[in-house]
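Please read the structure below before turning to the comments.
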Amino acid sequence: MMRSKTQVVSIFGQIEEVVAKAMMAEGKGVAKLAPTLAVSIDDCPPSAIYNAFGDKARMVIVLPFGLMMEFNRRVEDLRQ
């Protein structure tokens, strides 16, 4: 049996947050890791909380492996 792979993605921008929430609402298998009622952003490892500029993540999601391209495409579409 093959195990499905996932990617943990830190969300820093408002557009990325909108896309992540839309994909969750569409049932794409995207799950919010933090913040939740049980897990705050500060419970995540520093490497997931802060980017290279020192910005703090708005949320951390778990993205099914094959959806990263779709996520990035949708973010770019909203930026245009």
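Given the condition among the small types (G, A, S), touching a strand residue (DSSP E or B) at 6+ places or on another chain (Cβ under 9 Å) and outside any loop (DSSP other than H, G, I, E, B), answer yes or no: does some residue in the range 25-36 qualify? Working first, answer last.
Step one: of the range 25-36, the residues among the small types (G, A, S) are 25, 27, 29, 31, 34.
This time we only want the ones that are touching a strand residue (DSSP E or B) at 6+ places or on another chain (Cβ under 9 Å), so: 29, 31, 34.
Adding the requirement that they be outside any loop (DSSP other than H, G, I, E, B) leaves 31, 34.
Within the range 25-36 (the criterion being among the small types (G, A, S), touching a strand residue (DSSP E or B) at 6+ places or on another chain (Cβ under 9 Å) and outside any loop (DSSP other than H, G, I, E, B)), the answer is yes, since at least one residue qualifies.
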**Asked** What pairs come up if the first residue lies in the range 52-67 and is more than 16 Å from I41 (Cβ to Cβ), the second is outside any loop (DSSP other than H, G, I, E, B) and of a type in the set (F, W, Y), and their beta carbons are under 9 Å apart, counting only those six or more places apart or on different chains?
**Response** L63/F71
**Message:** When you check M59 against the structure, is it exposed (fewer than 15 other Cβ atoms within 10 Å of the Cβ), within 17 Å of G13 (Cα to Cα) and not hydroxyl-bearing (S, T, Y), yes or no?
**Reply:** no
**Message:** I'd like the residue in the range 1-27 that is touching a residue at least 40 places away in the same chain (Cβ under 8 Å) and of a type in the set (D, E, K, R) and, out of all such residues, is surrounded by the most Cβ atoms within 10 Å (Cβ to Cβ).
**Reply:** E16
**Asked** Within the range 37-57, which residues are of a type in the set (D, E, K, R) and in a loop (DSSP other than H, G, I, E, B)?
**Response** D55
**Message:** Residues that are of a type in the set (D, E) and closer than 17 Å to Q7 by Cα: does the range 60-74 have at least one?
**Reply:** yes
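Bear in mind that the values in this text are calculations on the coordinates, not laboratory data. All of these numbers come straight from a predicted model, not from anything done at the bench. With ideal geometry, Cβ positions are generated from the backbone for all residues, glycine too; neighbour counts draw on all protein chains shown.
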